[in-house]
Amino acid sequence: MTSKVTNALAYVFLTIAAVLSVFPLVWMIIASTNRSVDVIAGKLTFGGNLAVNYSNLISAQDVWKFFMNSGKYAILTTVLSLLVCSMAGYAFEIFHDKYKDMLFVLILMTMMLPFVALMVPLFQMFSSAKLLNTSLGFLLPSISTPFLIMMFRQSAKSFPVDIIEAARIDGLNEWQIFFRMFVPTMRSTYAAATTITFMNAWNNYLWPKVIMTKSNSQTMPMMISSLTSGYHTDYGMLMLAVLITTLPTAIVFFILQKSFAEGITGAVK
């Protein structure tokens, strides 16, 4: 009897937690179909204002240009980050010595530095290098992160050293071992890193706001910020913009969610 009560309470708690977690997304979808006054009033039923909200949105902002900007930057950041960080993590583990371990500790210590502390010197450096409003300026601070290097190094710990030695005896060089053996083995880690990096790059606001000074270089988070400026905010249009911005990250997460869970837990197949 006690076990049944415990299970029932657990299901009730999990149901409440699930509803609370999903409610903001559901409310965002509903709000995108309603008028601004209905959103402010807290209306929780679907309305018929979706087409009007979309028309107002594309009239106010060049949505799909900003959407393509965000997609371009997010994809490039993800691909380059996976390449650079996976190679760094592999090298730190497979070729480690005390000096590389000391360097790795220093890299991890940079995680304690908030980005706002680096923003001004980074802007000065990139401005001097004529990298404002360029894809390279957007990408460089993001393609190597201590967290991803640490994740790939931890995954490399489970990569059998005997296989590496056997491959070297068979005549494979280090590049061939990395791309032909390590990369396919760490699919779940790459999936987890892809999800994290893509979401961070897509949702990034502060650095693009600093480095991208031209209006045609804006990203979706910057566009949403501009919709809330002024004396009047159309919340129906705003919620539709937020919904459009949310879709790519949600799609990536749902596609890779199984591999994401395996990669976070360090599973290797």
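Taking the helices alone, the chain has a mean residue ellipticity at 222 nm of -23500 deg cm²/dmol, built from -39,500 (n - 2.57) per DSSP H run of at least 4 residues and averaged over all its residues. Against the empirical 2.2 N^0.38 Å (N residues), the range 1-155 has a Cα radius of gyration ratio of 1.60. The trypsin sites (Lys or Arg not before Pro) found in the range 204-264 that occupy coil by DSSP, while having at most 15 further C-beta atoms within 10 Å, are Lys214. Extension gain, Val37 to Ala60: 0.36 nm times the residue separation minus the Cα-Cα distance gives 6.4 nm. Relative contact order for the chain: 32 percent, from Cα pairs under 8 Å spaced at least 6 residues apart, divided by residue count. Between the beta carbons of Val26 and Ala51, assuming R0 = 22 Å, the FRET efficiency works out to 0.60 to the nearest 0.05. Against the empirical 2.2 N^0.38 Å (N residues), the chain has a Cα radius of gyration ratio of 1.25.
Across the range 168-216, the volume of the C-alpha convex hull divided among the residues equals 120 Å³ per residue. For Lys214, the lysines whose Cα comes closer than 27 Å to its Cα, not counting residues fewer than 8 places off in the same chain, are Lys65, Lys72, Lys130. For a modelled paramagnetic label at Phe95, 7 Å from Cα along Cα-to-Cβ, the residues of the range 135-153 in reach, with backbone nitrogen under 18 Å, are 149-150, 152-153. Once both labels are positioned 7 Å from their Cα atoms along Cα-to-Cβ, the gap between Val5 and Val120 label points is 6.1 nm.
Shown in residue order for the range 209-216 are the 3J(HN,Hα) couplings computed by the Karplus curve 6.51 cos²θ - 1.76 cosθ + 1.60 at θ = phi - 60°: 5, 7, 8, 9, 8, 8, 5, 6 Hz (x for Gly and Pro). Around the Cα centre of the range 59-265, unit charges on the Cβ atoms of Lys, Arg, Asp and Glu (plus for the first two, minus for the last two) sum to a dipole of about 360 debye. Neighbour counts of C-beta atoms inside 10 Å place Ser215, Ser3 in the sequence Ser3, Ser215, starting with the fewest. Within the chain, which DSSP H helices have Cα atoms that stretch 18 Å or more along the helix axis and a mean Kyte-Doolittle hydropathy of at least 1.0? Helix filter hits for the chain: 2-31, 63-94, 115-128, 235-265. Note on the range 73-121: percent of Cα-Cα distances in each 10 Å bin, starting at 0 and stopping at the bin with the largest distance, equals 21, 37, 36, 6. Sorted from greatest to least, the principal axis extents spanned by the alpha carbons of the range 125-247 come out as 70, 37, 19 Å. Cross-link reach is defined here as a Cα-Cα straight distance under 20 Å, omitting same-chain residues fewer than 8 places apart; for Lys98 the lysines meeting it are Lys157. Across the range 1-23, the residues whose backbone nitrogen lies under 17 Å from the label position 7 Å along the beta-carbon direction of Ala250 are 18-23. The spacing between the range 17-91 and the range 180-258, judged by their C-alpha centroids, is 8 Å. A Förster distance of 45 Å, applied to the separation of the beta-carbon atoms of Met102 and Phe13, puts the FRET efficiency at 0.45.
All of the numbers you see were taken from the coordinates with simple rules; none came from a lab. All values derive from a computational prediction rather than experimental measurement. As a convention, Cβ positions derive from the backbone with ideal geometry for all residues, glycine included, and neighbour counts pool all protein chains shown.
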